[in-house]
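Everything below concerns the one structure shown next.
The values are calculated or read from the model by the stated rules, or taken from the named source; none is laboratory data. For clarity, every value in this text was computed on a predicted model and none was experimentally measured. All Cβ positions, glycine included, derive from the backbone under ideal geometry; neighbour counts span all protein chains shown. What goes into the accessible areas is simple: the full protein's heavy atoms, side chains included, and nothing from ligands, DNA or RNA. Shrake-Rupley method; radii C 1.70, N 1.55, O 1.52, S 1.80 Å.
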Amino acid sequence: MADDQQLWGYPEVAAHLGISVGAARNRKSRGSLPAPDDTTVPDRPRWRPATFQDWKPVGRGFRSDLQGPSSHGITQSG
């Protein structure tokens, strides 16, 4: 299959977004993912990688758990 015809399932979408497959499914059910490009197989939506190229998650805020202590202006004394 050509790259432009490649389709991602939940595992690929989750890996791209840095979340679990369960979280990707949850976001899809809440409408927090872009509409799938292929819905021909029930319960197995597929997306083209290009669909996520310029897409930004809705409501995604600052995740302090993804940052190191120095990025918050916090210094650790030894």
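Surface composition of region 13-58: carbon and sulfur atoms hold 48% of the protein heavy-atom accessible area at a 1.4 Å probe.
Please give the net charge around P34, taking every other residue with its beta carbon less than 11 angstrom from that of P34, where Lys and Arg add +1 and Asp and Glu add -1.
Working: positive: R27, K28, R48, K56; negative: D37, D54.
Summing Lys and Arg as +1 and Asp and Glu as -1 gives +2.
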